[in-house]
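Participant: Structure incoming, see below.
No value in this document is a laboratory result; all are computed from the given coordinates. This structure is a prediction, so every number in the text was calculated from the model and none was measured. Neighbour counts are summed over all protein chains in view; Cβ atoms, including those assigned to glycine, are modelled from backbone coordinates with ideal geometry.
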Amino acid sequence: MEVPFHRPELGEEEIAEVVATLRSGWLTTGPRVKRFEEAFARAVEAPHALALSSGTAALHLATAALGLDGEQAVLVPAMTFAATAEVVRYPGAVPVLVDCEEESLNLSFADAEEKLTRLAAGDLPGIDGGRRAVGIIPVHVGGALIDGDALAGFARRHGLWVVEDAAHAFPAAWRRGPQEPWLPCGGSPSAVTCFSFYANKTITTGEGGMATSHDRELIERMRSLSLHGLSSDAWGRYAAAGSWDYRILAPGYKYNLTDVAAAIGLHQLARAERLRRRREAVARGYRERLADVEEIELPEAPENRVHSWHLFPIKLRLERLAIDRDAFAADLRRQGIGFSVHWRPLHLHPYYRETFGWRPEDLPVATAVWRRLISLPIFPAMGDGEIEAVTSAVRRLCTRHRRRTVV
Ligand SMILES: Cc1ncc(COP(=O)(O)O)c(C=O)c1O
């Protein structure tokens, strides 16, 4: 049996809503985007939300609205996707790469602390000492949230703004303890939280994103920047109530979400918790069926977290295997199992290596762990047969490639 890495889950409601949108004649940003923003804000308990054309656009506008400039630096995890760091580079600012925790793959606050000390001492590769760190962009890798108090406390101590990269983390929540209330991702006091609705994300609009915040002015600045920097009354300029005489307030961008995309998003949002529970059941199935396989480590299901289970990254125990990750992955593919790797860390990509001179030993945990990572398929529509096909392929490969100790 072949199992793809991902299959999107789109229902008849999404299809009917898209058709209704096309029939309505209103294709670009309009009433469905507004409804999508309001419903999303309610879902994450945030007062303000802005729908955008991608998660990357949300990260870009958040940093732009916070005034990021080319003289500044921002703490960014090495273990992330291109988008988290590239938005820091857009205005010429510098991402200070931070190592990860081996278990969760989330950013290490201990290393962040050390990187700030080294930045101040002018002791980081390719970064002159005069730069000041102004912010941090943590990523909730795979959908298991970073401790919100640790994050807010770190940012407060160092005078940093926080833009959360929550591309994987909807719906997700954390709580301080079993008796404490759940706190949804997106409703935190961080300056902005950014979500992605890319095709393989936990809910999708094909391409799309959302920014949430408690700061109305910041969101309104982002809204203006998302539409060429026009005055906000320009939004309705094609409707009867809108003004034709808009003003350009800043050289902005073109990042608005369309009503066609929001039509999909509205129904994905309504089903988000049901979809999450099905991904959680897949994760439980994997954890039960693979618990005794000694050649791999499974991702933890952390306490006091509602995990969105966007990813299920296993770590190979290379000391117990006779082959490396790449050979293991190639063999998995031969068995018909889709996979991905999240991620080759940023400092091991040519651009960051050549521009700043980061070396593998500057981020030792990320350097070592990525050689062991493989993300298994996890999506709501996975049937028992598919879960079984994946786990038996992993088990078979572990047995086949087990390292035999030579006496
Ligand atoms: C951690 C992370 N941040 C940001 C993004 C960017 O999201 P988008 O593809 O919607 O621009 C992604 C997307 O894959 C991601 O995984």
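Participant: Starting from the Cα of Lys315, draw a straight line to each of the lysines and keep only those under 27 Å, dropping any in the same chain fewer than 8 residues away.
Facilitator: Those lysines meeting the cut-off are Lys115, Lys201.
Participant: Moving on to the next point. Could you list which residues have their amide H under 5 Å from that of Leu321, counting only those 5 or more apart in sequence or on another chain, with H placed in the peptide plane?
Facilitator: Residues meeting the amide H criterion: Arg403.
Participant: Going 7 Å from the Cα of Val341 along its beta-carbon direction, which residues of segment 370-407 have the amide nitrogen within less than 13 Å of the resulting point?
Facilitator: The answer is 370-375, whose backbone nitrogens lie closer than 13 Å to the label point.
Participant: Okay, moving on. Residue by residue through segment 128-136, which ³J(HN,Hα) values in whole Hz follow from phi under the Karplus form 6.51 cos²θ - 1.76 cosθ + 1.60 (θ = phi - 60°), with glycine and proline marked x?
Facilitator: Once rounded to whole Hz, the list reads 6, x, x, 6, 10, 7, 10, x, 9.
Participant: Whole-Hz ³J(HN,Hα) for each residue in segment 267-277, computed from phi via Karplus 6.51 cos²θ - 1.76 cosθ + 1.60 with θ = phi - 60°, x for glycine and proline: what do you get?
Facilitator: Per-residue couplings from phi come out as 7, 4, 4, 4, 9, 4, 5, 5, 5, 4, 4 Hz.
Participant: Amide H of Trp174: which non-local residues (sequence gap of 5 or more, or other chain) have their own amide H closer than 5 Å, using H built in the peptide plane?
Facilitator: Leu183, Cys185, Val306
Participant: Can you compute the charge dipole magnitude of segment 241-358 about its Cα centre, using +1 on each Lys and Arg Cβ and -1 on each Asp and Glu Cβ, nothing else charged? Give it in debye, rounded to the nearest 20.
Facilitator: 360
Participant: Expressed in nm to one decimal, what extension gain is obtained for the pair Glu103 and Arg396 from 0.36 nm per residue of sequence separation less their Cα-Cα distance?
Facilitator: Extending this stretch completely gives an extra 103.0 nm.
Participant: Still on this structure, I have one more. In whole Hz, what ³J(HN,Hα) sequence does segment 399-405 give by Karplus (6.51, -1.76, 1.60; θ = phi - 60°), x for Gly and Pro?
Facilitator: Calculated HN-Hα couplings, in order: 5, 4, 9, 4, 6, 8, 6 Hz.
Participant: Run the paramagnetic zone check for Arg287: 7 angstrom along Cα to Cβ, then residues of segment 168-192 with backbone nitrogen under 20 Å.
Facilitator: 168-180, 182-185
Participant: Note down the relative contact order for the chain as a percent, whole number, built from C-alpha pairs under 8 angstrom at least six residues apart.
Facilitator: 23
Participant: Cα centroid distance between segment 115-172 and segment 300-339, in Å?
Facilitator: 27
Participant: Quick check on the exposure proxy: order Lys315, Lys115 from fewest to most C-beta atoms within 10 angstrom.
Facilitator: Ordered from fewest to most neighbouring Cβ atoms within 10 Å, Lys315, Lys115 come out as Lys315, Lys115.
Participant: Shifting gears a bit: Relative contact order for segment 116-237: what is it in percent, counting Cα pairs under 8 Å that are at least 6 residues apart?
Facilitator: 16
Participant: Does anything in segment 300-317 have its amide N under 14 Å from the 7 Å Cα→Cβ label point of Glu180, and if so which residues?
Facilitator: Residues passing the 14 Å test: 303-306.
Participant: Here's a follow-up. Separation of segment 31-61 and segment 346-377 by C-alpha centroid, Å?
Facilitator: Rounded to whole Å, the Cα centres lie 32 Å apart.
Participant: Is the shape of segment 236-381 best called rounded, prolate or oblate, per the rule: a/c under 1.5 gives rounded, else a/b larger than b/c gives prolate, else oblate, with a ≥ b ≥ c the square roots of the Cα gyration tensor eigenvalues?
Facilitator: Verdict is oblate for segment 236-381.
Participant: If you don't mind, there's one more thing I want to ask. Just for the chain, what percent of DSSP beta bridges are antiparallel, to the closest 5?
Facilitator: Among the beta bridges of the chain, antiparallel pairing accounts for roughly 60 percent.
Participant: A further question on this structure: Determine the calculated [θ] at 222 nm for the chain from helices alone, applying -39500 (n - 2.57) to every DSSP H run no shorter than 4 residues and normalising by the residue count; nearest 500 deg cm²/dmol.
Facilitator: So the calculated ellipticity at 222 nm is -11500 deg cm²/dmol.
Participant: Give me the net charge for the shell around Val87: Cβ to Cβ below 15 angstrom, other residues only, Lys and Arg +1, Asp and Glu -1.
Facilitator: Result for the neighbourhood of Val87: -3.
Participant: Something else now. Can you give the angle from 0 to 90° between the axis of helix 31-44 and the longest principal axis of the chain, with both taken from C-alpha atoms, to the nearest 10?
Facilitator: Around 50 degrees separate the two axes.
Participant: State whether the chain is rounded, prolate or oblate according to the following rule on the C-alpha gyration tensor (a ≥ b ≥ c being the square roots of its eigenvalues): a/c under 1.5 gives rounded; otherwise a/b larger than b/c gives prolate, and the remaining case gives oblate.
Facilitator: oblate
Participant: Another one. Test of understanding: what is the full-extension gain from Glu388 to Phe5, defined as 0.36 nm times their sequence separation minus their Cα-Cα distance?
Facilitator: 136.4 nm
Participant: Which of Met1, Met382, Met79 has the fewest other C-beta atoms within 10 Å, and how do the rest follow up to the most?
Facilitator: By the 10 Å Cβ count, ascending, the order reads Met1, Met382, Met79.
Participant: Amide H to amide H, which residues 5 or more places from Val96 or on other chains are under 5 Å from it, using H placed in the peptide plane?
Facilitator: Those lying under 5 Å, H to H, from Val96 are Val74, Leu75, Val76.
Participant: Suppose every K and R has +1 on its Cβ and every D and E has -1 on its Cβ; what is the size of the dipole of the chain about the Cα centre, in Debye to the nearest 20?
Facilitator: Once rounded to the nearest 20, the dipole reads 640 debye.
Participant: Tell me the label-point distance for the pair Glu71, Tyr90, using the 7 Å Cα-to-Cβ offset, in nm and rounded to one decimal.
Facilitator: 2.2
Participant: Something else: Quick check on segment 1-91: take the gyration tensor over C-alpha atoms, sort the square-rooted eigenvalues as a ≥ b ≥ c, and tell me if it's rounded (a/c under 1.5), prolate or oblate.
Facilitator: oblate
Participant: Picking from Phe328, Phe195, Phe40, which is most flexible by a Gaussian network model of the chain using Cα springs under 10 Å?
Facilitator: Comparing Phe328, Phe195, Phe40 in a Gaussian network model of the chain, the most mobile one is Phe328.
Participant: Taking K and R as +1 and D and E as -1, what net charge do the other residues with C-beta under 14 Å from the C-beta of Val44 add up to?
Facilitator: The answer is -3.
Participant: How tilted is helix 109-120 with respect to the longest principal axis of the chain? Cα atoms for both, answer in degrees (0 to 90, nearest 10).
Facilitator: Helix 109-120 sits at roughly 70 degrees to that axis.
Participant: If you don't mind, another one. Which ordering of Tyr90, Tyr255, Tyr198 is given by a fewest-first count of other beta-carbon atoms within 10 Å?
Facilitator: Tyr90, Tyr198, Tyr255
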